1. Extending each Cα 7 Å along its Cβ direction at A:THR70 and B:ALA45, get the distance between those two points in nm, one decimal.
2. Taking only protein heavy atoms and a 1.4 Å probe, what accessible area per residue, in Å², does the protein assembly as shown have with all protein chains in place?
3. When each pair of different Cα atoms in segment B:1-59 is counted once in the 1/r mean, what is the Kirkwood radius in angstroms, to one decimal?
4. Which distances in nm, rounded to one decimal and ordered from shortest, link the label point of A:SER13 to the equivalent label points in the other identical copies, with labels set 7 Å from Cα toward Cβ?
5. Would you mind checking which residues have amide H under 5 Å from B:THR60's amide H? H placed 1.01 Å from N; only 5 or more apart, or other chain.
6. Would you rank A:SER2, A:SER59 by solvent-accessible area, highest first, keeping every protein chain in place and using a 1.4 Å probe?
7. Antiparallel as a % of all DSSP beta bridges within chain A, to the nearest 5?
8. What order do A:VAL62, B:VAL92 take when sorted by accessible area (1.4 Å probe), most exposed first?
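The values are calculated or read from the model by the stated rules, or taken from the named source; none is laboratory data. Treat the numbers as computed from the prediction; the structure is a model and nothing was measured. Backbone-built Cβ (ideal geometry, glycine too); neighbour counts: all protein chains shown. Side chains are part of the model used for accessible areas, which takes the heavy atoms of the whole protein and leaves out ligands, DNA and RNA. Shrake-Rupley method; radii C 1.70, N 1.55, O 1.52, S 1.80 Å.
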There are 2 protein chains.
Amino acid sequence: MSIALKTALAYHSAWAHQDLDEAMTHIADDIICDAPAGRLEGAPAYRAFMAGFVAILKSTTVLAAFGNDTTALIMYDTSTHPVPSAPGAELVTVLHDRITYSRFLFDRLPFAQARQPTT
Amino acid sequence: MSIALKTALAYHSAWAHQDLDEAMTHIADDIICDAPAGRLEGAPAYRAFMAGFVAILKSTTVLAAFGNDTTALIMYDTSTHPVPSAPGAELVTVLHDRITYSRFLFDRLPFAQARQPTT
C-alpha cells in the first residue's frame, strides 16, 4: 500500500474510533484543508473542526480508497446523529507521513436542514 | 490505465465538453446512481439529471482520479453559473466499458442558497 494511502486510512481509522489525539498524529502542524464552508489553516483549527464532527459521529465505513506516494483519495460513508447517511470524500497530500493538504467534500444541505427544520 | 479509470475519465471528458450523447455512451442502460438527493435508476433518469447539470456548467477540471479493473474514484472541481466552485466526487463501478453504478457526492447547500437567497 502506498505511503499516502496508508496515512489517509490510518487517519480515517483513528477518527472512526473517535480518537482525536491519534487522528492528529497523522495531520501536519501547518495543514491546509479546503472544506465546503471554506479554508481551515493549521492543526488547531483543523482539530476544532474535527472535534465538532466526531461529537456527532455514530459510525463510518470506507467505500473506496486509492493512492500513490504523495496523494490519496478516499470516499466513505458516515452515520451521524443529525444525518443518517452523510458520505464524504477527501483528497489528501501526504509528506513525511503527515497530511499537509486536504480537499474535503460532503453535502452540507442535510446538516443545515437538521438545524433548521423549516427551511 | 485501468479500464474503469479510462471509462470514468472518458465520461468526465464528455460532459466537460457538454456532450451528453457522448457521455451517455459510457453509461449502462440500467445504471444506478446514489446521488445526494436520492437514487436515480436507469439511463433516462440519469441523463435527465445530467442534462440539468450540464446546462449550468461553465467548466470542470479533474483534481484526482484513481482506479482498478472494476472501480474508479474521481474528484473534480466545477465552475457553474449559480456556484463558482462546486467540487464533486464519483465512485463508479464499470462493467463492459460502461458505468453500472455511481456513488455521487457534492455539496448541495450553495445550490440551495443560490435558489433561495433568503435562507
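1. Reported label-point gap for A:THR70 and B:ALA45 is 4.2 nm.
2. On the way: 11360 Å² over 238 residues.
Roughly 48 Å² per residue, with all protein chains present.
3. Values: mean 1/r = 0.0840 Å⁻¹.
So the Kirkwood estimate lands at 11.9 Å.
4. 3.8
5. The answer is B:SER79.
6. A:SER59, A:SER2
7. DSSP beta bridges in chain A are roughly 85 percent antiparallel.
8. Working: A:VAL62 65, B:VAL92 0 Å².
These residues rank, largest area first, as A:VAL62, B:VAL92.
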